[in-house]
Amino acid sequence: MSEHMPELTIDRLARVMRECAGEDEAAAFDGDIAHVPLAELGYDSLAVMETAVRLQNEYGVHLTDDEIFGVESLAELLALARRQIPAAS
Amino acid sequence: MSAVAVTGMGVVAPNGLGTEAYWKATLAAVSGIGRITRFDPERYPATLAGEVDLDPTDRLPGRLIPQTDHSTRLSLLAAEEAIRDAGIDAGELPDDQVGVVTASSAGGFEFGHRELDKLWRKGPEYVSAYQSFAWFYAVNTGQISIRHGLRGPSGVLVADQAGGLDAIAQARRLVRRGVSAVLTGAVDGSLCPWGWIAQSSGGRLSGAADPALAYRPFDAEADGYVPGEGGAILVLEEADGARARGAERVRGYVLGHAATFDRRPDSAAPDTGRGLRRAVELALDDSGLRPDDIDVVFADAAGTPALDRAEAAALTAVFGDRPVPVSVPKTMTGRMCAGAGPLDVVTALLAIESGQIPPAVHTSPAAHYGLNLVVGRPLTLAARTALIVARGFHGFNSAMVVGAAD
């Protein structure tokens, strides 16, 4: 885990997801997307898995397969990840 | 039984992106072979390839980029063109009535190479989840199917360079069984260090640094082949069905096919082309045509003396003394693994359509092969039928007969 990672916010998470799984022109990333179903953003469970790997490498977050396959929105993913990240000092 | 028609085609080749650009370049004898740019080839015994360089981000949905190998992106572009060419609108045919059958020789090799690199440099936790399918042989079939929502009978054929023709033959079988349309063919290639090692180890790559001196099939100076990437995707439909849905045009017909397998290689009994000859004869039988009915041959053209000899022996045994014109457009693209056969099928149909047989470049055919190779410039010929031959490593032979649209 890097000690200099920016705080994991919804914007940061959305950026990581775009970097890992690409961005569909059809899926506008503008506005409040935290609660938009991932499927509507064009992301499947592999996209979440790919993002989860980055979260593990960069934030030390470990998500179980059940958690990865159960996630339905960025907000849910953020909540799962933040449970494992020590509060920023 | 109604004829199986080709109603759409899409091409991705080192000397032209899209059917029109490719055909124009091919008739003008423009080669797409050059020094490899994808990686530094200096340390390897061969340094030339037919590369297709393009920025996929301009042409494909961004979401597909992190999960696709270069050859998959090229496949998607060819499939898109073929569907457009066939005029199959989304939703026009029931999605369970349109299948996808492609061929592949190595899957997404370059993608796999990068992930292996990450595995050993950084560790298993850095390997992409997309590696689970991006490397796989069936990935091009799958991505085409997903992108266009095609849920009909689908699959992948793996038989090295012969596989592309075998895939078209399988698509033809499906159409005959009542499937409305099948996207078929192959776009293939693995121009990465790992893929390069795999091809080099076969010992058949030309070591020439000058494109004009490399890959000269049936030339007395032939010293091996140049790998290429690319190929073609075709749309196959039953002819009456195509007319019924209002297809704008039939590009030609798939008339016959056969595949055979060579006996175990034996230094005491060199390859005499017997298995290939058998494939050609069976394909002719399947088409109901005789050797005299074939107007032009698209050769496999391995580019090494022993294999050229075997192919020439098979062809002269079938065609006798008749100097049937032999075309080798792949001298301009390199050998594209599974992509080669389908691109030759498309090229044959374009040649029939236009009455122009494309030339081979860089090669001066040696008389002792007894072949009438078209070289230098296109041959004007009102051809109605063509035989396409493809051979794969380790014994695969495939032959296909195609014919003119009505």
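None of B:PRO94, B:PRO124 is more than 14 Å from chain A (Cβ to nearest Cβ) and either farther than 29 Å from B:GLU20 by Cα or not hydrophobic (A, V, I, L, M, F, W, C) (or both) except B:PRO94.
Assessment of the range B:141-148 against the conditions (buried (at least 23 other Cβ atoms within 10 Å of the Cβ), touching a residue at least 12 places away in the same chain (Cβ under 8 Å), within 14 Å of chain A (Cβ to nearest Cβ) and not basic (Lys, Arg)) yields at least one matching residue.
Going by the conditions given, is B:SER104 more than 13 Å from chain A (Cβ to nearest Cβ), in contact with a strand residue (DSSP E or B) (Cβ under 9 Å, 6 or more places away or on another chain) and more than 25 Å from B:GLY252 (Cα to Cα)? It is false that B:SER104 is more than 13 Å from chain A (Cβ to nearest Cβ), in contact with a strand residue (DSSP E or B) (Cβ under 9 Å, 6 or more places away or on another chain) and more than 25 Å from B:GLY252 (Cα to Cα).
With respect to (1) modelled with pLDDT of 95 or more; (2) over 25 Å from B:ILE146 (Cβ atoms); (3) out of contact with any Ser or Thr (no Cβ under 8 Å at 6 or more places or on another chain), the lone exception for B:PRO14 is condition (3). Scan the range B:81-91 and tell me whether some residue there is within 14 Å of another protein chain (Cβ to nearest Cβ), part of a helix (DSSP H, G or I) and among the β-branched types (Val, Ile, Thr). For the range B:81-91, residues within 14 Å of another protein chain (Cβ to nearest Cβ), part of a helix (DSSP H, G or I) and among the β-branched types (Val, Ile, Thr): absent. Of the residues that make up the range A:38-61, is at least one assigned to a loop (DSSP other than H, G, I, E, B), more than 10 Å from the chain's Cα centre (by Cα), more than 14 Å from chain B (Cβ to nearest Cβ) and modelled with pLDDT of 90 or more? Taking every residue of the range A:38-61 in turn, none turns out to be assigned to a loop (DSSP other than H, G, I, E, B), more than 10 Å from the chain's Cα centre (by Cα), more than 14 Å from chain B (Cβ to nearest Cβ) and modelled with pLDDT of 90 or more. B:ILE233 meets each of the listed conditions (1) free of Cβ contacts under 8 Å to residues at least 40 places away in the same chain; (2) crowded, with 17+ Cβ neighbours inside 10 Å apart from (1). Summed over the range B:11-41, residues that are among the basic types (Lys, Arg), buried (at least 16 other Cβ atoms within 10 Å of the Cβ) and part of a helix (DSSP H, G or I) total 0.
In the range B:52-71, the residue that is nearest to A:GLU23 (Cα to Cα) out of those that are within 11 Å of chain A (Cβ to nearest Cβ) and not in a helix (DSSP H, G or I) is B:PRO61.
Output the number of residues of the range B:236-245 satisfying the condition of being in a strand (DSSP E or B) and surrounded by fewer than 24 Cβ atoms within 10 Å (Cβ to Cβ). Adding up the residues that qualify gives 1.
The values are calculated or read from the model by the stated rules, or taken from the named source; none is laboratory data. Note that the coordinates shown come from a computational prediction; the quantities given were computed from them, not determined experimentally. Neighbour counts run over all protein chains shown; Cβ positions are idealised from the backbone, glycine included.
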